[in-house]
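Down below is the structure, laid out as structure tokens.
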Ligand code: NAI
């Protein structure tokens, strides 16, 4: 057996982690032959809860789980890690304004950035899940200058999965018969779920999704709104935010980064190099393909309609505002 892959999960006593840890530890992400060392970071008041999670992981008697390290100490948590799944974040409390939320999270991700820079492997792959995910990812990358910018990402795979499932449901086909749904921009309600390049298999025939759907109003209105507001709809119904589906999406994101996507396109937040007119340095979700060398490349040459351009720019504008607000706290 090979050496364990060392995976840090923050927010490890929270509800996403509760689904996520089991999937990782049983081999859903790194393969069924790859031993895993799990490092679980949460804040000091959650250590008793975390102890319970550790007991449960032990009780699963999983063959691949080589060790579990629970901690509230960032330096210990980031030590020699291969993968950082940053799920923990400051949640929005009642009466809290957006800028207060940004301020609290800047503090967390600045501190974790320094720990990442000092202690992680330089090849570490970072996925930020905790909201506001794009801006948190940008902040941590800024404070870990020794880690290549290409190693930072944020999660928009849940949005992609939601988009894919909406199309499958609309056409009455299985999810695997829907490909190339794209999420552009921010993991927020300004994101642009785009079907212009999506393809579907219907009755054994591959065709553009929009041709199969034959309902422009649905594509341009209902579909986009449903995906943009799905997180809120889940909260409304469950009184808790998406956790099972978020954990599944994190697994999809990391597995594709680790092993490559082949011909498939997936969406992830990455630091823009200026593709599709998006400001360089912004953490923005693009359609990408990933090689077996783990190099992420934006799908090139897509035609962007006027309708799409407007949406790409609107979500970019929100990200610029979020970034500027977050960075203003760093200067203060
Ligand atoms: P939760 O509240 O159940 O768990 C969060 C955990 O993070 C708590 O145990 C908390 O103590 C911990 N935490 C807070 N500050 C921390 C720090 N500085 N270091 C380590 N741990 C810390 O929340 P849940 O449901 O697990 O969601 C986690 C985050 O993921 C939230 O910010 C949520 O908005 C976000 N999210 C993002 C999605 C995406 O697609 N990007 C989808 C769903 C949720």
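A count restricted to the stretch 1-21 and to residues that are within 14 Å of the ligand (Cβ to nearest atom) and in contact (Cβ under 8 Å) with a residue 40 or more places away in the chain stands at 13.
One residue is enough: does the stretch 256-268 have a residue meeting the conditions within 16 Å of the ligand (Cβ to nearest atom), closer than 17 Å to residue 29 by Cβ and part of a helix (DSSP H, G or I)? Walk me through how you get there before you give the answer.
Filtering the stretch 256-268 for residues within 16 Å of the ligand (Cβ to nearest atom) gives 256-257, 266-268.
With closer than 17 Å to residue 29 by Cβ added as a condition, the list becomes 256-257, 266, 268.
Add one more test, that the residue is part of a helix (DSSP H, G or I), and what stays is 256-257.
Yes, because at least one residue in the stretch 256-268 is within 16 Å of the ligand (Cβ to nearest atom), closer than 17 Å to residue 29 by Cβ and part of a helix (DSSP H, G or I).
Exactly one residue out of 85, 38, 20 is within 23 Å of the chain's Cα centre (by Cα) and within 18 Å of residue 123 (Cβ to Cβ), and it is 85. When residue 49 is tested against (1) under 30 Å from residue 266 (Cα atoms); (2) over 20 Å from the mean Cα position of the chain (by Cα), just one condition goes unmet, and that condition is (1). Being within 20 Å of residue 18 (Cα to Cα) and either free of Cβ contacts under 8 Å to residues at least 60 places away in the same chain or buried (at least 18 other Cβ atoms within 10 Å of the Cβ) (or both) is a description that applies to residue 88. Residues that are surrounded by 21 or more Cβ atoms within 10 Å (Cβ to Cβ) and within 16 Å of the ligand (Cβ to nearest atom): does the stretch 27-36 have at least one? No, there is no match, as no residue in the stretch 27-36 is surrounded by 21 or more Cβ atoms within 10 Å (Cβ to Cβ) and within 16 Å of the ligand (Cβ to nearest atom). Here is the figure for the stretch 108-118: residues that are free of Cβ contacts under 8 Å to residues at least 60 places away in the same chain and farther than 25 Å from residue 18 by Cβ total 4. Of 302, 330, which residue is surrounded by fewer than 20 Cβ atoms within 10 Å (Cβ to Cβ), more than 21 Å from the chain's Cα centre (by Cα) and within 21 Å of residue 152 (Cβ to Cβ)? Only one candidate qualifies: 330. Condition first: within 16 Å of the ligand (Cβ to nearest atom) and at pLDDT 95 or above. Can you find one or more residues in the stretch 270-279 that meet it? Scanning the stretch 270-279, I find at least one residue that is within 16 Å of the ligand (Cβ to nearest atom) and at pLDDT 95 or above, so the answer is yes.
Counting only strands (runs of 3 or more DSSP E) that fall entirely inside the stretch 138-248 and contain at least 3 residues that are modelled with pLDDT of 95 or more and in contact with a strand residue (DSSP E or B) (Cβ under 6 Å, 6 or more places away or on another chain), the qualifying elements are 152-154, 182-184, 192-194. Before we move on, is residue 43 buried (at least 18 other Cβ atoms within 10 Å of the Cβ), within 15 Å of the ligand (Cβ to nearest atom) and modelled with pLDDT of 95 or more? Criteria not met by residue 43.
Could you tell me whether residue 57 is more than 9 Å from the ligand (Cβ to nearest atom) and over 18 Å from residue 13 (Cα atoms)?
Numbers: more than 9 Å from the ligand (Cβ to nearest atom): yes; over 18 Å from residue 13 (Cα atoms): no.
Criteria not met by residue 57.
Filtering the stretch 114-134 to residues that are within 12 Å of the ligand (Cβ to nearest atom) and more than 12 Å from the chain's Cα centre (by Cα) leaves only 115. Residue 96 passes every criterion in (1) in a loop (DSSP other than H, G, I, E, B); (2) in contact (Cβ under 8 Å) with a residue 12 or more places away in the chain apart from (2). The listed residues are 185, 231, and the only one of them that is within 16 Å of the ligand (Cβ to nearest atom) and on the phi > 0 side of the Ramachandran plot turns out to be 185.
The values are calculated or read from the model by the stated rules, or taken from the named source; none is laboratory data. Bear in mind the structure is a predicted one, so any value in this text is a computation, not a measurement. Glycine gets a Cβ as well: all are built from the backbone with ideal geometry, and neighbour counts include every protein chain shown.
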